[in-house]
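The values are calculated or read from the model by the stated rules, or taken from the named source; none is laboratory data. All figures in this text were calculated on a predicted structure; none of them were measured in a lab. Cβ coordinates were reconstructed from backbone atoms using ideal geometry, including for glycine residues, and neighbour counts include every protein chain displayed. Keep in mind that these areas ignore ligands, DNA and RNA; they rest on the heavy atoms of the full protein, side chains included. Shrake-Rupley method; radii C 1.70, N 1.55, O 1.52, S 1.80 Å.
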Amino acid sequence: MTGPDYAREALRLLALARESKETTFEGHNPEADRIIAEAQVYATLALVPAQALPTTAVELETDPAVAYVYRAAWGMTPLGTYTNAEAARMHCEADAINHNPEYETGHVFDWLGDESKPDDPYELVVAKDGVEDTTDYTVTRIEVATEYDVEADQ
């Protein structure tokens, strides 16, 4: 698939999610949520070819293109995949407030992670009155391969 093919599939899935009528008693639609998560992956893949293109002649000769995406999650539930960490963090913080309205006042969000290990997840913590509490929200950097490495499977 090419970038435009991924984008078309993302749009098709979003239309399918909009058509889905089944909701739970809380107004949630698990099937639509699953479809939207899949659409986010296709939308991200649509961006990868553009990110992977080298911008200079030097890059053409020496550096293989590397692209990263950032997965926002609550526990094992993916919330979205983004091309930058800030967008993924914003999604986690907004979701935390939506599920815990008390976070809107007097609470401070912070992200814990080890900068020397950028592929390890960063965890969202919330603090109030000097007491920190974990939230189970994470943002994880994921490398997107630009080509298949035969030697990696051996």
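Taking the listed residues A52, A73, the one that is hydrophobic (A, V, I, L, M, F, W, C), under 21 Å from V144 (Cβ atoms) and at pLDDT below 80 is A52, with no other qualifying.
Scanning the stretch 65-96 for residues that are open to solvent by less than 50 Å² (accessible area, probe 1.4 Å), in a helix (DSSP H, G or I) and more than 20 Å from L14 (Cβ to Cβ) yields A85, C92, A96.
Tallying residues that are surrounded by 11 or more Cβ atoms within 10 Å (Cβ to Cβ) and part of a strand (DSSP E or B) within the stretch 111-133 yields 10.
If I ask for residues that are open to solvent by 70 Å² or more (accessible area, probe 1.4 Å) and at pLDDT 75 or above, which ones from the stretch 19-40 would you list? The answer is E19, P30, E31, D33, R34. For T2, the conditions (1) open to solvent by 50 Å² or more (accessible area, probe 1.4 Å); (2) at pLDDT 75 or above; (3) under 27 Å from T138 (Cβ atoms) are fulfilled apart from (3). Residues that are under 19 Å from the mean Cα position of the chain (by Cα) and modelled with pLDDT under 90 were ranked within the stretch 115-138; the one that is farthest from L45 (Cα to Cα) is E115. Would a scan of the stretch 139-152 turn up a residue that is among the hydroxyl-bearing types (S, T, Y), in contact with a Leu (Cβ under 9 Å, 6 or more places away or on another chain), surrounded by 15 or more Cβ atoms within 10 Å (Cβ to Cβ) and modelled with pLDDT of 90 or more? The answer is no, given that none of the residues of the stretch 139-152 is among the hydroxyl-bearing types (S, T, Y), in contact with a Leu (Cβ under 9 Å, 6 or more places away or on another chain), surrounded by 15 or more Cβ atoms within 10 Å (Cβ to Cβ) and modelled with pLDDT of 90 or more.
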